[in-house]
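The values are calculated or read from the model by the stated rules, or taken from the named source; none is laboratory data. Small disclaimer: the values here were computed from a predicted structure and weren't measured. Quick reminder, even Gly has a Cβ in these numbers, built from the backbone with ideal geometry, and neighbours come from all protein chains shown. Each accessible area value is taken on the protein alone, full model and side chains, heavy atoms only, with ligands, DNA and RNA left out. Shrake-Rupley method; radii C 1.70, N 1.55, O 1.52, S 1.80 Å.
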Amino acid sequence: MRKNNTDSPLTPGLLLMCAANFLTYASVYMVQVLLPLAVPDHALTICPAFIIGMLVAGPFHAYLADTFRRKHVLQVALAGLVLSMLAVNYLSPAFYGWLAGVQGLFFGMATSAGITISIDITLSGHRTCGNMAYGLCGRLGMVAGLMLGVWAASSYPALFVTYASAILGGVALLLVSVVYVSFRAPIGVRLCSIDRFFLPRAWLPALNVGVLAFAFGMCGVSLTWQSAASGSLWMLVMLPLALLVPPVVKMFVKLSHHCQRATGNMTFHLMLDIGLIAGVWTSCAMDAKGYAPADETRLMADAFILAALLAIAVWPYYKKKRVR
C-alpha cells in the first residue's frame with residue numbers, strides 16, 4: 001500500500017502500523033507478564049531473560065535497519081515472536097528462561113523496526129503526531145493484552161492463551177506485509193552502536209520512566225494476587241500509564257536531534273518495558289522469598305515517591321536540554 005500524500009498524519013500506512021503495534025504489544029503482554037505468574041518456580045529467570053534479550057538486540061538495531069530492508073526486519077521479528085509463543089506449549093518449563101530471552105530479542109527488534117518504519121512512512125511535518133499515535137496504540141495493546149491474558153488464564157487452559165497470543169502476532173504480521181515502505185539505500189553503519197537504541201541526552205527522563213513503570217508493574221502483580229477480578233484491575237492500573245505515553249513521547253522527541261527521532265522513541269519504550277517487567281519480577285521474587293505483602297506495598301510506594309521526585313527534576317532538565 002503506497003503512502004497517501006494527504007496532510008493528515010494518519011495515512012493508511014501509519015494506521016496499519018498502529019494496528020499492528022497494538023496487536024504486537026497485546027500478543028507479547030498476554031504471555032510475557034502472565035507466564036511468571038503461571039509458573040512461579042521459573043519466574044525468577046523468565047523476566048530477567050526477556051530484559052536481557054531486549055538489551056542484547058539493542059546495539060544491532062541501527063545495523064539491521066541500514067543493512068536490510070526495514071520491513072523485512074520487522075516481519076522476521078514478528079514471525080519469530082509468533083513461533084516463540086507457540087513453542088511455550090512444546091517445551092519443558094526448564095527452558096522458559098531461554099525462550100523468554102528469545103522473545104525479548106525478537107520483541108526488541110520488532111519495536112525498533114516498527115518505530116523506524118512508522119517514521120519513514122509519515123510526512124515530515126507530522127512525525128511527532130505520528131510517534132505519539134503509534135506509541136499510544138502500542139500501550140493500549142499492552143493494556144488489552146494484560147486484561148485478556150488474565151481473564152483467559154483464569155477461564156481457559158494455558159494452551160488457549162499462547163495460541164491466542166500467536167494469532168494476534170500473526171495478524172500483526174499480515175498487516176505489516178501490506179504496508180508500503182520505500183527503499184532506502186544503505187549509508188553504512190557500524191555493527192554495534194547505540195543509534196536506535198538509547199539516547200544519552202534523555203537519560204534522566206528515561207530513568208524517571210523506568211522507575212514509574214517499575215511501580216506500576218509491582219502494583220499490577222499485587223492486585224493480581226489479591227483479586228479474582230484482576231483483569232479489570234490491570235486495566236485500571238495500566239490505562240493511566242498508557243495515557244501518559246503521547247506527551248512523554250513528545251518530550252523524548254524534543255530531546256533528540258533530527259536524525260535521532262527513532263532513538264528517542266526507542267529509549268522511551270525500552271525503559272517503559274524494562275521497568276514494567278522488572279516490577280513484575282520484583283513482586284514475584286519477594287513473594288517467592290516469603291516477604292509480607294506490607295513489604296511489597298512499602299517498596300511499591302517508595303518507587304512511586306521516587307518517580308514523583310524524579311519528575312520534579314526532569315522538567316528543568318528537559319527545558320535546558322531540548323533541541324527542538
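Miscellaneous remarks
For every residue, the table says whether it meets (1) open to solvent by less than 50 Å² (accessible area, probe 1.4 Å); (2) within 27 Å of CYS259 (Cα to Cα); (3) assigned to a helix (DSSP H, G or I).
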residue	(1), (2), (3)
LEU136	yes, yes, yes
MET147	no, no, yes
LEU159	no, no, yes
GLY169	yes, no, yes
PHE183	no, yes, no
PHE198	no, yes, no
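- Residue list for the stretch 185-196, restricted to those being open to solvent by 60 Å² or more (accessible area, probe 1.4 Å), more than 20 Å from the chain's Cα centre (by Cα) and under 24 Å from LEU272 (Cβ atoms): CYS192
- Top-ranked residue of the stretch 122-144 - restricted to ones that are of a type in the set (Gly, Ala, Ser) and at pLDDT 90 or above, ranked as farthest from the chain's Cα centre (by Cα): GLY130
- Taken over the stretch 103-125, the criterion of being farther than 16 Å from GLN260 by Cα, open to solvent by 10 Å² or more (accessible area, probe 1.4 Å) and assigned to a helix (DSSP H, G or I) is satisfied by LEU105, PHE106, MET109.
- Qualifying residue in the stretch 274-294 (condition: under 17 Å from PRO205 (Cβ atoms) and open to solvent by 20 Å² or more (accessible area, probe 1.4 Å)): yes
- Checked across the stretch 69-87, the condition of being surrounded by fewer than 19 Cβ atoms within 10 Å (Cβ to Cβ) and over 27 Å from VAL181 (Cα atoms) holds for at least one residue.
- Among (1) open to solvent by 50 Å² or more (accessible area, probe 1.4 Å); (2) farther than 26 Å from LEU223 by Cα; (3) at pLDDT 90 or above - the single one TYR163 does not satisfy: (2)
- In the stretch 256-279 there is at least one residue that is in contact with a Gly (Cβ under 6 Å, 6 or more places away or on another chain) and not in a helix (DSSP H, G or I).
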